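The block underneath contains the structure these notes are about, expressed in structure tokens.
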2 protein chains.
Amino acid sequence: MKYKTKNRDWIERYFAAHADERARAKDIYEKMTADGLSINMATVYRNLDRLEEENVLKAYKTAGEDEKFYQYMRPGMDCGSHLHLMCSRCGRIIHMDIGLMNEISEYVINEYGFTIDCGHSVLAGLCRECQMKSEDKKGKMIHA
Amino acid sequence: MKYKTKNRDWIERYFAAHADERARAKDIYEKMTADGLSINMATVYRNLDRLEEENVLKAYKTAGEDEKFYQYMRPGMDCGSHLHLMCSRCGRIIHMDIGLMNEISEYVINEYGFTIDCGHSVLAGLCRECQMKSEDKKGKMIHA
DNA sequence: ATTACAATTGCAAATGAATTGCATATTGAC
DNA sequence: GTCAATATGCAATTCATTTGCAATTGTAAT
């Protein structure tokens, strides 16, 4: 049912080593090629799909961007019980353990009869690093 | 800079009249055609883009679905200060005024240095109606 | 209403991400 | 090694969306 291949292995190791970054099919293709591997886009797509099914990766799309993004899921990580922060600038996803989660869930159920599915819930915004970068820019602009 | 046209007018009125539903370009094309209007997909796309720019509509994409969805934004509605609930089944978006919002924002800033952008933040899950429907199904299955 | 020009539209062609069919190559169990 | 199952490359295809351009329509001034 499941062979171990050089390609899929490389891809999984790549994502594990860059656990807090996201990548597109194209990115993976380029990195593999740059790493001296010969691979085909179709294979990249097939392997990404596969790793997503196996819950090794998480995939998502956003309104502004045309391509699907993938990010590593730590083994055993339970995305069903915490919220996610996604940086609109760099795409990084932070898995947020939050004490408030129960309060939020209850509030939403009581007020709207809505049951939250944490695994697919994302709060968008700016991460610390990207925020600092944009503040740098502002600073420069003032002195320009 | 901005002419009023029958097409864009129809589209805006359609979304306003179905404020709690979402629709794709294809849906709009079909409804307009069914309504006796002759319109071209390119025009539908151009008008949807335009209405999105004007903040009449909000657009989004999700990982599982290939097409962009649009939903009406009530005029003057400030999506920058409340969270959004999106039903994974029917796509409906609920604008949720929540007292907890400040607490959540503060928590996330303090713990992660992350600044939430409410306008693009979506909690996924099941709305009351869709939940009842799936419970119906379960009931039927038990008695089947 | 006629003119004049900018904005809008239709049509067909182009783009670009993702998928698929099929022949060939690779994998792992024996 | 042999063999069946799985994975891959390649080329062709699909499908949503975009674009160039000529024709049409909307608006305001005459």
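Each value in this text was obtained by applying a stated rule to the coordinates, not by laboratory testing. Only a predicted model underlies this, so the values are computations on that prediction, with no experimental measurement involved. Neighbour counts run over all protein chains shown; Cβ positions are idealised from the backbone, glycine included.
Within region A:59-122, report the GluC sites (Glu not before Pro) that DSSP leaves as loop and that have at most 15 other Cβ atoms within 10 Å.
Sparse-neighbourhood loop GluC sites (Glu not before Pro): A:65, A:67.
Need one word for chain A: rounded, prolate or oblate. Basis is the Cα gyration tensor (sqrt eigenvalues a ≥ b ≥ c); a/c below 1.5 gives rounded, then a/b vs b/c decides.
Oblate, since a/c reaches 1.5 and b/c is not below a/b.
Treat every Asp and Glu Cβ in region A:78-144 as -1 and every Lys and Arg Cβ as +1, leave all other atoms uncharged, and give the resulting dipole magnitude about the Cα centre to the nearest 20 debye.
Magnitude of the dipole: close to 700 debye.
Expressed as a rounded percentage, what relative contact order does chain A have, with Cα pairs under 8 Å and six or more residues apart? Walk me through the numbers before you get to the answer.
Details: 154 pairs, mean separation 29.6, N = 144.
About 21 percent, as a whole number.
Past 20 Å, Cα to Cα, is the threshold; run B:6/B:31; A:2/A:61; B:31/B:68 against it and keep the listed order. Before the final figure, lay out each step's value.
Numbers: B:6/B:31 14 Å; A:2/A:61 28 Å; B:31/B:68 17 Å.
Too far apart for the 20 Å limit: A:2/A:61.
Give me the orientation-averaged projected area of the Cα convex hull of region A:1-76, in nm², one decimal.
5.5 nm²
Longest exposed-loop-site-free stretch of chain A, with trypsin sites (Lys or Arg not before Pro), DSSP loop and at most 14 other Cβ within 10 Å?
No qualifying site falls inside A:5-88, the longest such stretch.
Could you pull the copy-to-copy label distances for residue B:64, with points set 7 Å along Cα to Cβ, in nm to one decimal and sorted shortest first?
Residue B:64 label point versus its equivalents elsewhere: 2.6 nm.
Between residue B:106 and residue A:37, how many nm apart are label points set 7 Å from Cα along the C-beta direction?
Roughly 4.8 nm, to one decimal.
In nm to one decimal, list the spacings between the residue A:110 label point and its equivalents in the other copies, with label points set 7 Å along Cα to Cβ, shortest first.
List, nearest first: 2.2 nm.
Using alpha carbon centroids, what distance separates region A:88-125 and region B:83-117, in Å?
Value for the Cα centre distance between the two parts: 7 Å.
Kindly provide the pair-distance distribution of the protein assembly as shown built from C-alpha pairs, with 5 Å bins from 0 and whole-percent values in order of increasing distance.
Reading upward from the zero bin: 1, 5, 10, 13, 14, 14, 14, 12, 9, 5, 2, 0, 0, 0, 0.
Check residue A:117: other-chain or 5+ apart residues with amide H under 5 Å from its amide H, H built from backbone geometry?
B:124, B:125, B:126
Using the Cα gyration tensor of region A:78-144, with a ≥ b ≥ c the square roots of its eigenvalues, what is the shape: rounded (a/c below 1.5), prolate (a/b larger than b/c) or oblate (neither)?
Judged from the Cα gyration tensor, region A:78-144 comes out prolate (a/c at least 1.5, a/b above b/c).
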